[in-house]
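Reading through the C-alpha cells given below for one structure.
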Amino acid sequence: MRGRDFLSKERFISGLKSLGRLRVKTSHSSVITMSALVLILFIAFTVRLLPIRWEIQTGSMHLSEFDPYFQYRFTEYILKNGFISWVWPEQWWDTQRWYPHGMNVATAGFPGLPLTAAFFYSIVPALGINIGLMDFCAIFPPIMGMLACLVIYFLGKNIGGKPVGLFAALLLALNPSHIQRTSLGFFDDETIGIFSLLLFIFLFLRAIEEDRPANSTVKYAVASGLTLGYFCSGWGAAYYPIAITTLFVFSLILLKRYSQHLFLSYSLTFGLGLFIAINVPKLSSTYLTGMAVLPVAGVFAILCLCEIFRTISSAKSKTIVVLVFLALAIGGFAALWQLGYMRGIGTKFVSVLNPFAREGIPLVESVAEHRISAWGSIYYDLGIGIIFFAISLFFILGNLDNKNLFLLIFGLTSLYFACSMVRLLLIMAPAFSLLAAAGVTGVLRPFNALLREPVKVTVKKKHVLERVGKEFSGAAVLMVFLILMTNFAFPMPKVYRQAYAPVTVTAGSLPIAPNEPVQEWLNMLGWTRNNLKATTVVCSWWDYGYWLTILGNVTSLADNGTVNSTQIQNIGFIFMANEIQALEMLERYDAQYILVFTTFGLGQSGGQYYASWQGYGDEGKWMWMARISGKSPHASEWGWTDEEAFGEFNTTINSWQWNERGMNSTIYKLMGWGKHQWCVKNGVIDPEEDEWRKNGLSTEDVKPKYFEEAYFAGLELTPSDVGSKYGGLVPLVCLYKINYPSD
C-alpha cells in the first residue's frame, strides 16, 4: 500500500512539473486582432445605448418609433399564453386594434422576433437578472446590432482575411442606418434581419467551398437553410437573400463553375429554408408560387440538368434532355399560371423594383422611409467611404472567385435598392461595410508590404536616382486614416448625432434632442391608461395606433400595420370632412374620443410672441389624409381627390393657406382650436385669427361644435418652458370627447 501511495505521489508531482514546463505560444497578431474585435464590439454596443440618457430620466424604458410596440405586444402574449398560443389551438385575434373587425396577428405579423425575444427573456431569470419585459425589449436591439458586427467580422475574414473582417465590423458598428435600426428601443424585424442575412451568407459561402469534405458541406448547408428559414419567419425582406443567392448560383452556372458541392448546398439550403417558410402562417404554401421565389425552382432544375450532363457524354442524349427540360419548364409554368397558383409580388416590393410605381399609391408614398433616396442622403449616410466602395469593385473584378462574385452581386443590388427606397439603406449597410473594407485593405496592401519590408524604389529627378522608403508608405497609410476619420469624427460625428437622440415617444415625436424628456405624449398616454377603459374606442391618424393601444390601453381604429387600406381611407375622410360628415363615419366605428397631435413654433415680433405651425404633427400629415381618402371609390362623392380642395400653397409667404372649406374640416378645427387655447392661455398671438377673419369666420365658427376638450397634453407649457426645454417648439396632443347630436 505504501509503495502504491509513493508511486501516486510521484506521478502527481511529475504531472505538476510537466504543467509548469508548458508554454502557451500565442500569436502576437492574434492578440491584436482579438483586442481590436472586442473593442469594436464594445463600441457597437455602447453607441447604440446612448438614448438611455433620456430613458433614465423618465424612470422607465420605452420603445422607439411605432412598429416595435406591435412586436412587444406579440412577445408579451407569447410569454403569457405559451409559445404556440398565437396560432394554436386557435389563431390570436386582437380586437383592441383595427376596431371593430380586429386583427389576426398570426397571419399579419412575422413571429421570428417575438419568439426569439420570448425565448431569451424566459431564460433571463435563470441568470439571476430581474428585468421587465419592456426594458428587455429595449436593450435587445443593441445586443443584436453588436452580434451582427461579430458575424460580419467572420464573413469578411472568410472573404478577404482578418483585415477585411475587422474593417467591415468597424464600418457596420458605426454605420448610421444600422445604428438607427438597432439602437435602444428599436425592437423591430431589422434587429434580427441583418444578423440573419450576414449569418446566412457566411454559412452558404462556406458550404459551397470546393475543398470542403462532403459531411462538412452538409453541416454548413443545413445551418444556412435553418438560418434562411429563421430569416423568412422574421422579416419580409427575406425575398432579398433568396433572390441574390439564386442569381449568384445562376451566374456560377453561366461561368461554368458548376460542382456537386454547389448542387448539394443549394438543394439543402433552399429545401430546408423554404420548408420552414411555408410553415409560417403569414407566408403559407403560397409563398412558393410567388414570382420572387419561383426562380429558386428554376435554378434548381438547371442544376439538375447540369448534374445529368455531367454523367452523359452523348450529344444526342444531351439534346433530348434539354428539349424535355424546356418542355417541362414551359408546361409547368403555363399550368401554374392557368390554374391561378402564380402570385405576383406584393405592392411594397414592386415599388422597390420600380420606385415610380409609388406615385399612384399615396398610402405607401406617405411613409417618409419609402421615398426615393436622394444622392445627398446616400452620401450623408455613407460619407467619403463611398470612394473605397468604388475602389473595391476594381479589386474584386481583378480576382472574381466565387466569394468575390457573391460580394459583387450583393453590393450592386443593395446599391440599387438603397437608391430606390430610403429605408433600404439598411440593406446596403452590410454590403457597403464589406466592400469598403475590401477597398481599404486593397489600397493599403502594397504600402503595408513596403512598411514591413521596404523595397528599393527609385524615381528619376533631375537625372538623379533617389530612393523612396518607409516614409512614403507611412504617409499613404496616414492619408487613408485621415480620410476614414473625416467619415466618422469630423467636423461633427454623424454617428454620434444619429445615436444620441431619445426614442420617438420620449422625444414627443419632435426631431430634436432635448435636455430632458418631452412629456406631452407620455402624459397623454398615461391619462388614457388611467381614465379610460381598454374598450374605449379612440380615433386618430394611423401613426399613433400602436401607442394608444399598447401604452394608452385603449382601442384604436388603425395602426402602422396598414392591414386595411379602406379603413385608413375612412379615417382620412373623418379628418378632412366637416363635423357633420365626420360624425356619421365616427358613429360607424362606435368612436368615443378623437385625438390629434399638432406642433407649432414660437417667434418674436416687436417683443411679442406669435405661434406658427411647424409640420411635425398632423399639421404636416393632413395632406396625406386628403390624398389617401381621395383615392377611395367614394372620393367623387366626398368632393376631393387631394389637398387642393382645401386651400393652396402661397409661395410669397412660403406657407399653406386654408380656404373656407379647409377651415371647416374636422382636422383644422381640432388642431386650430387646441393651438388657439394655448395661445390665449399664454398671451401669444395666433396668426390663424387673421385668416379666420379674412374668410368671414369668428372664433366661435372655428370652435368644434361636437368635439369637447377631454385632455390637452402640453397646454400647461409656458413660452419660457418651451424655449428652455424644447428649442421653441410646442408639442400639443389634443384629446376630444365626441358628443353625438341627439336624434
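Every read-out reported here was derived from the displayed coordinates using simple, explicitly stated rules and does not represent laboratory data. Everything quoted here is computed from the prediction, not taken from an experiment. Neighbour counts are summed over all protein chains in view; Cβ atoms, including those assigned to glycine, are modelled from backbone coordinates with ideal geometry.
Observations
- Across the chain, C-alpha contacts under 8 Å between residues 6 or more apart give a mean separation that, scaled by the residue count, equals a relative contact order of 12 percent.
- Low-density loop positions, chymotrypsin sites (Phe, Trp or Tyr not before Pro), segment 492-584 - DSSP coil, at most 16 other Cβ in 10 Å: Tyr500
- Residue exposure proxy: Asp721, Asp94, ordered by other Cβ atoms within 10 angstrom of their Cβ from fewest to most, comes out as Asp721, Asp94.
- Segment 659-672 - phi-based ³J(HN,Hα) in whole Hz, Karplus 6.51/-1.76/1.60, Gly and Pro as x: 8, 4, 5, x, 6, 9, 6, 5, 5, 5, 5, 5, 6, x
- Other-chain or far-sequence residues with amide H under 5 Å of Tyr616's (modelled H): Thr599
- Whole-Hz couplings from phi, Karplus 6.51/-1.76/1.60, listed for segment 242-253; x for Gly and Pro: 4, 5, 6, 5, 4, 5, 4, 5, 4, 5, 4, 5
- Stokes-Einstein diffusion for the chain at 37 °C, viscosity 0.692 mPa s, with a Kirkwood radius from C-alpha pairs, works out to 111 µm²/s.
- Annotation: amide H-H contacts under 5 Å for Glu65 (H modelled 1.01 Å from N, sequence separation of 5 or more, or interchain): Thr504, Val505.
- Highest-first packing order for the peptide set 704-710, 59-65, 28-34 is 59-65, 704-710, 28-34, based on the mean count of other beta carbon atoms within 10 Å.
- The trypsin sites (Lys or Arg not before Pro) of segment 211-295 that DSSP puts in a loop, and whose beta carbon has at most 13 other beta carbons within 10 Å, are Lys256.
- Computed on segment 358-442, with alpha-carbon pairs under 8 angstrom and 6+ residues apart, the relative contact order is 40 percent.
- Helix 260-278 vs. the chain, principal-axis angle (Cα, 0 to 90°, nearest 10): 30 degrees
- Remark: segment 283-293, residue by residue, has Karplus-estimated 3J(HN,Hα) of 9, 6, 5, 5, 4, 6, 9, x, 4, 7, 9 Hz, where x stands for each Gly or Pro and the curve is 6.51 cos²θ - 1.76 cosθ + 1.60 at θ = phi - 60°.
- Helix axis angle, 402-420 relative to the chain longest principal axis, alpha carbon, degrees: 10 degrees
- 0 to 90° range, to nearest 10: angle between helix 112-123 axis and the chain longest Cα axis: 80 degrees
- Rel. contact order, % - alpha carbon contacts under 8 angstrom, at least six apart, segment 215-289: 49 percent
- Judged by the gyration tensor of its Cα atoms, with axes a ≥ b ≥ c, segment 520-738 is oblate; a/c meets the 1.5 cut and b/c is at least as large as a/b.
- Report summary: the helix-based calculation at 222 nm, which adds -39500 (n - 2.57) for every DSSP H run with n ≥ 4 and divides by the residues of the chain, gives -18500 deg cm²/dmol.
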